[in-house]
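These notes concern the structure reproduced below.
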C-alpha cells in the first residue's frame with residue numbers, strides 16, 4: 001500500500017480562482033469516481049518561491065490524501081487527477097508525495 005498526498009494550489013494567477021464549489025465539483029466528478037473506497041481532504045496554506053522573481057508566494061491549497069495499492073493502474077489514476085486539475089484550473093503544477101505505508105482498518 002501507498003500513501004499519496006497531492007497538493008493543489010487554489011490561486012489562478014495572483015487571485016483565488018478555485019472556489020470551494022469548484023473544488024467540490026472537481027472532487028465529486030473526477031477524484032471520487034477514481035478512488036471510491038475513500039480519501040481525505042485537508043485545507044492548507046501553501047508557500048513556494050517563484051523561480052522567475054525569487055519572491056515567496058502563498059496561496060490557499062487543498063491536500064488530498066489517498067491510501068491505495070501502489071500498482072501501475074493506481075499511479076495512472078493519480079496522474080489523471082493531476083493532469084485534469086492542471087488543465088481545468090490553469091495550474092503550472094500539482095505536488096505529489098508518495099510513500100509506502102502499512103495500513104489497517
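Using alpha carbons only, how many degrees (0 to 90, rounded to 10) separate the axis of helix 72-89 from the longest principal axis of the chain? Once rounded, the angle reads 30 degrees. Where a ≥ b ≥ c are the square roots of the eigenvalues of the C-alpha gyration tensor, would you call segment 58-103 rounded, which needs a/c under 1.5, or, failing that, prolate if a/b is larger than b/c, or oblate? Oblate is the answer for segment 58-103, as a/c is 1.5 or above yet b/c matches or exceeds a/b.
Test of understanding: in a Gaussian network model of the chain with alpha carbons linked when under 10 Å, which of 40, 32, 53 would top the mean-square fluctuation ranking? Evaluated over the chain, the most mobile residue of the options is 53. Spin-label model, residue 95 to residue 80: label points 7 Å out along the Cα-to-beta-carbon direction sit 2.6 nm apart. Helices in the chain, meaning DSSP H runs of at least 4 residues, each add -39500 (n - 2.57). Divided by all residues, the mean residue ellipticity at 222 nm is -7500 deg cm²/dmol. For the residues 34, 55, 21, a GNM of the chain with alpha-carbon springs under 10 Å puts the largest fluctuation on 55. If you plug the beta carbon distance of residue 88 and residue 15 into 1/(1 + (r/R0)^6) with R0 = 25 Å, you get a FRET efficiency near 0.90.
Just checking the listed ones, 41, 31, 63: in the Gaussian network model of the chain with Cα springs under 10 Å, the one fluctuating most is 41. Please compute the Kirkwood hydrodynamic radius over the chain, one decimal place, Å, based on all pairs of different Cα atoms. Hydrodynamic radius (Kirkwood, Cα only) of the chain equals 14.5 Å.
So what is the relative contact order for the chain, in percent, with contacts set as C-alpha pairs under 8 Å and at least six apart?
Numbers: 144 pairs, mean separation 48.2, N = 105.
Across the chain, relative contact order equals 46 percent.
Where a number appears in this text, it was derived from the coordinates with a stated rule and is not lab data. Being a predicted model, the structure only gives us computed values, none of them experimental. Please note: Cβ atoms are built from the backbone with ideal geometry, for glycine as well, and neighbour counts cover all protein chains shown.
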